[in-house]
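Data block below; observations after.
The values are calculated or read from the model by the stated rules, or taken from the named source; none is laboratory data. Just so we're clear, the structure is a prediction, and the values are computed from it rather than from any experiment. Every residue, glycine as well, gets a Cβ built from its backbone with ideal geometry; the counts of neighbours run over all protein chains shown.
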Amino acid sequence: MVEVAPGKISRAPYGWAPLVVLFIVGLVDRIEFNLLSGVLPYIQAEWSLTDTQAGAIPTVSALAAIVVAVPAGLIADRGKRTRILAIVVFTWALATLGSGLATGFAMFFAMRIFLAAAENIDNPAAGSLLADYYPPVTRAKAYGLTRVTTYLGGVGTILGGVLAEMFDWRNAFLIMVVPGLVTAWLCLRMREPERGGLDRLVAGTSPAPQAVAPATFGQVLRIPTLLVVSIGLALLTLGLAGIFFWLPSLMVRSFGLGTASASSIAGLITIVGPVLGTLIGSRLGGRWHGTIKGGRLLAGGGGIALGSLVLAAALAMDSLLWLSLLTGLACTLMSIAIPNMTASLADVVGANARGRGFAVLQLLTTAGGAFGSLIVGRVSESTGSLTVGMYALIAPMVVGGLITLAARGSFERDAAKVLANA
């Protein structure tokens, strides 16, 4: 355990290197995931896929990820988390290689399912590690910088579209094998922090390890804030997964852009917006946490609800410029939730059960995101309009923001229980 006197806890007792590594883990994960969006027009053309078939790829992949969510939480609470990450990231690299070498749609489909399952195992371990690397005062920043990679994966959309147009869509996947292997090595180099050590220091108790009975999933699910925040994020993910999966295709069909141009614009939107939103959210969370009741959730839920409405306005634009600008603004507003809601979850779940807590979050958000692309694809085929398909997902996102705001009342109570138990 890091030697720090109670009441004088460093903002980064283990340094900032673990945050950098976990940021890279999340970034490699999301870049690889978003490659599919960028190369999608080429894959549909090569294997003559309908919109429903294409939309089913992330849906079935997400269902596979749901299956491993609960075991992943148990493993994170019992095993060495840095080693878990290293094994998982190495597995990504193998699945990515298989995607690039696929000789038919069945093999490609199988590799995407395998990859999604592997990717979902790392989230509970990474979420648990961050809470033990960084105290509450810097958790919003730590979770924000790692979770923003969900949107920074737009780099994958750009990379996929550009490489597919310049060379071949398979090259986009083959190139990502190398970063995966390097990231796995970095994970092995990380130091494993003591579980709950920082919580005990914050509570002013002995930093010596204590035997604590692990909480069950049933006990974790009875934490009101965790459940409400997870549902709110699940509804947000449902909308974003569907809309941003199809955004490059919308630009190709509605504005006549080439695949590389559409992927580049869509990817840029999902990079700039989230970076700004995370910076704003981290600052708001730091200011409002402890000064406004449920301040983190006020920032997160308000950002989601308002951003969803702005996104609805963006989809109504018949100008590519206005579509891009308003979508970027919507991304910024909704990304305010990234640092605040994940930090809130870490605050309300004890150290002995954080793996399970983040497994619940991952299970619900994965379930929410599983059907977004499929719903858009299905509605698009039924109505003949990809835009109408996207509008079907706006209402759930607004509801997600409102549900998150409703959790403000329980947050302070749940967070106080964690420190009391420490």
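Starting from segment 264-282, keep only residues that are in contact (Cβ under 8 Å) with a residue 40 or more places away in the chain and of a type in the set (A, V, I, L, M, F, W, C), then list their pairs with residues that are buried (at least 22 other Cβ atoms within 10 Å of the Cβ) and not in a helix (DSSP H, G or I) whose Cβ atoms are within a distance under 6 Å, requiring at least 6 positions of separation or different chains.
I280/I336
Any idea which of A76, A93, A56 is within 24 Å of G372 (Cα to Cα), assigned to a helix (DSSP H, G or I) and among the hydrophobic types (A, V, I, L, M, F, W, C)?
Exactly one residue qualifies, and that residue is A56.
From the set of residues in segment 145-173 that are modelled with pLDDT under 80 and hydroxyl-bearing (S, T, Y), which is nearest to S37 (Cα to Cα)?
Taking the candidates together, the pick is T157.
Confirm whether T82 is assigned to a helix (DSSP H, G or I), touching a Phe, Trp or Tyr at 6+ places or on another chain (Cβ under 6 Å) and either crowded, with 22+ Cβ neighbours inside 10 Å or not aliphatic (A, V, I, L, M) (or both).
No: the conditions fail for T82.
Please go through segment 225-252 and give me each residue that is more than 20 Å from R378 (Cβ to Cβ) and hydroxyl-bearing (S, T, Y), ordered by number.
T225, S230
Can you tell me which of P18, P71 is farther than 26 Å from L198 by Cβ and modelled with pLDDT of 85 or more?
P71
Cβ contacts < 9 Å: first residue more than 12 Å from L19 (Cα to Cα), restricted to segment 119-141; second residue surrounded by fewer than 24 Cβ atoms within 10 Å (Cβ to Cβ) and among the hydroxyl-bearing types (S, T, Y), any location; separation 6+ or different chain. Result?
Short answer, once both residue conditions are applied: E119/T91; I121/T91; A125/T82; P135/S10.
Between a residue in segment 177-201 that is at positive phi and any residue that is among the aliphatic types (A, V, I, L, M) and in a helix (DSSP H, G or I), which pairs come within a Cβ distance under 8 Å, given they are 6 or more apart or on different chains?
G196/A351
Those residues that are among the polar types (S, T, N, Q) and more than 19 Å from the chain's Cα centre (by Cα), I need them from segment 265-306; list them, please.
Passing the criteria: only T291.
If a residue has to be in contact with a Leu (Cβ under 8 Å, 6 or more places away or on another chain), within 27 Å of E412 (Cα to Cα) and surrounded by fewer than 24 Cβ atoms within 10 Å (Cβ to Cβ) to count, how many in segment 267-301 make the cut?
Counting residues in segment 267-301 that are in contact with a Leu (Cβ under 8 Å, 6 or more places away or on another chain), within 27 Å of E412 (Cα to Cα) and surrounded by fewer than 24 Cβ atoms within 10 Å (Cβ to Cβ) gives 4.
Modelled with pLDDT under 90 and under 26 Å from A353 (Cα atoms), is that true of G38?
no
Considering only residues that are over 24 Å from the mean Cα position of the chain (by Cα) and either over 18 Å from L240 (Cβ atoms) or touching a residue at least 24 places away in the same chain (Cβ under 8 Å) (or both), which ones fall in segment 374-386?
R378, S380, E381, S382, T383, G384, S385, L386 - these are the residues of segment 374-386 that are over 24 Å from the mean Cα position of the chain (by Cα) and either over 18 Å from L240 (Cβ atoms) or touching a residue at least 24 places away in the same chain (Cβ under 8 Å) (or both).
Determine if segment 199-218 includes at least one residue that is over 20 Å from the mean Cα position of the chain (by Cα) and at pLDDT 80 or above.
Within segment 199-218, not a single residue is over 20 Å from the mean Cα position of the chain (by Cα) and at pLDDT 80 or above.
Mind listing whichever residues of segment 125-145 are hydroxyl-bearing (S, T, Y), crowded, with 23+ Cβ neighbours inside 10 Å and more than 10 Å from T278 (Cβ to Cβ)?
Once the filter is applied, which keeps residues that are hydroxyl-bearing (S, T, Y), crowded, with 23+ Cβ neighbours inside 10 Å and more than 10 Å from T278 (Cβ to Cβ), segment 125-145 yields S128, Y133, Y134.
For segment 139-178, which residues satisfy the criterion of being over 17 Å from S264 (Cβ atoms), within 19 Å of the chain's Cα centre (by Cα) and either assigned to a helix (DSSP H, G or I) or of a type in the set (D, E, K, R) (or both)?
Scanning segment 139-178 gives R139, A140, K141, A142, Y143, G144, L145, T146, R147, T149, T150.
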